[in-house]
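Reviewing the structure listed below.
Each reported figure results from applying straightforward, stated rules to the coordinates on display, with no laboratory input. Remember, it's a predicted structure, so these values are computed and weren't measured experimentally. Here the Cβ is made from the backbone with ideal geometry for all residues, glycine too, and neighbour counts use every protein chain on show.
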Amino acid sequence: MPGVNATSEKFDLLIYGPSKPVVDDGFTDRYVLHKVEQLGDLDRLPPAAFEKIRGVAVTGLVPATSNVLSRFPKLEIVSSFGVGYDHIDSAWARDHGVIVTNTPDVLTEEVADTAIGLLIATLREFVKADKYVRSGLWLTQNYPLSVGSLRDRKVGMVGMGRIGQAIGRRLDAAKVPVVYHSRNPAAGVAYKHYPNLIEMAKDVDTLVVIIPGGAATANLINAEVMQGLGPRGVIINVARGSVIDEPALIAALKSGTILAAGLDVFANEPKVPDELRAMQNVILLPHIGSASVVTRNAMDQLVVDNLKAWFAGKPPLTPIPETPVKGR
């Protein structure tokens with residue numbers, strides 16, 4: 001049986017992606033570790049390693065396509081860092097009996113905090129105001145009133161999973177009305193559900209985007225959605241850069257079709273279009289939604305714990321829906 005624990009058995013694992021102490025130091029000598037940080041480094045592994053590796057820890061947004069995963073004939077499990085896993089070919093894994101895990105829950109509150117902070121900073125122009133003070137301009141004149149405010153807003157959430165619900169709780173506390181769009185209504189959620197994204201955009205002035213990336217959601221927030229949102233519109237993206245049509249967003253911000261945007265993610269990270277970097281009505285963050293020491297350590301530990309559980313003959317802690325564990 002794959003993954004059955006035996007006292008003398010050793011397990012070969014590949015740590016694939018950025019080096020992280022919690023992962024690098026998280027395994028006992030019963031595990032044989034192979035490490036590569038980038039896709040191009042895979043060819044440096046000895047040929048014999050490909051035949052032995054049974055588990056892969058994916059520690060960053062490195063591609064784990066079918067071409068990569070198929071190189072390991074004994075592969076049983078891919079333990080991925082982060083909630084999103086669009087960089088992993090989960091369909092191939094499912095079809096070949098390989099379990100994929102991610103790291104939900106431990107980052108929910110941190111990302112929700114980031115979304116709210118980014119929303120308020122965008123509306124109230126905090127970054128621009130900080131630069132104003134540093135420049136010395138406050139000595140000669142007061143900073144102008146911000147056009148945006150949380151007080152007269154209605155937020156449409158695009159996505160209502162764990163993080164979306166955590167963002168909703170924070171908006172409830174701030175007395176901000178919340179509605180949401182998703183493919184299906186979320187169980188136990190009282191907010192109004194919009195099956196149609198365009199209709200929701202027309203009824204709100206703020207979108208907070210927190211849905212998975214991938215082909216199904218690519219460019220979901222397009223020019224038509226932005227047009228529906230209107231000239232008071234604000235878009236906050238803490239999901240994936242692929243979810244927003246970036247050229248359409250740039251055009252909408254330039255033309256005044258929408259008011260502003262706060263972005264933690266981009267289509268081609270870490271490259272950010274010069275046009276976005278030059279705009280005063282956009283706040284740009286370097287994909288730091290979950291990037292605190294305490295939360296990233298918890299995520300790293302869950303990568304380790306999923307692999308340890310599997311090779312101890314137990315179910316992994318957080319398998320993705322596409323690769324459920326049966327009969328373990």
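Okay, helix-only estimate at 222 nm for the chain: each DSSP H run of n ≥ 4 adds -39500 (n - 2.57), divide by all residues, round to 500 deg cm²/dmol; what do you get?
That comes out to -9000 deg cm²/dmol.
Place a point 7 Å from Cα of Glu199 in the direction of its Cβ. Which residues in the range 152-184 have their backbone N less than 18 Å from it?
155-160, 178-184
Each label point is 7 Å from the Cα along the Cα-to-Cβ direction; what then is the distance between the points at Lys131 and Leu150, in nm?
Distance between the two pseudo-spin positions: 2.3 nm.
With +1 assigned to the C-beta of every Lys and Arg and -1 to the C-beta of every Asp and Glu, and no other charges, what is the dipole magnitude of the chain about the Cα centre in debye, to the nearest 20?
Around 540 debye, computed over the chain.
Compute and list, largest first, the equivalent-ellipsoid semi-axes of the range 108-284 from the alpha carbon gyration tensor, each √(5λ) rounded to a whole angstrom.
They are 26, 19, 15 Å, listed from largest to smallest.
If you line up the long axis of helix 246-255 against the longest principal axis of the chain, both from Cα atoms, how many degrees apart are they, to the nearest 10?
10
What ranking do 19-31, 307-319 get when scored by the average of other Cβ atoms within 10 Å per residue, highest first?
Order by mean packing, descending: 307-319, 19-31.
Compute the helix-to-body angle for 293-311: its Cα long axis versus the longest principal axis of the chain, expressed 0 to 90° and rounded to tens.
30
Within 14 Å, Cβ to Cβ, of Tyr132, how many net charges do the neighbouring residues add up to if Lys/Arg are +1 and Asp/Glu are -1?
That works out to +2.
Identify the residues of the range 122-146 with backbone N under 16 Å of a label point that sits 7 angstrom from the Cα of Ile288 along the Cα-to-Cβ direction, or state none.
Hits in the range 122-146 for Ile288 at 16 Å: 122, 126-131.
Which semi-axis lengths, in whole Å and largest first, follow from the square roots of five times the eigenvalues of the Cα gyration tensor of the range 150-196?
18, 12, 8
Helix 108-124 sits at what angle to the longest principal axis of the chain, using alpha carbons and giving 0 to 90 degrees rounded to 10?
The helix 108-124 is inclined about 20 degrees to the chain.
Given (i) 21.4; (ii) 20.3; (iii) 19.5 as candidate values of Kirkwood radius over Cα pairs in Å, which corresponds to the one derived from the coordinates?
Entry (i).
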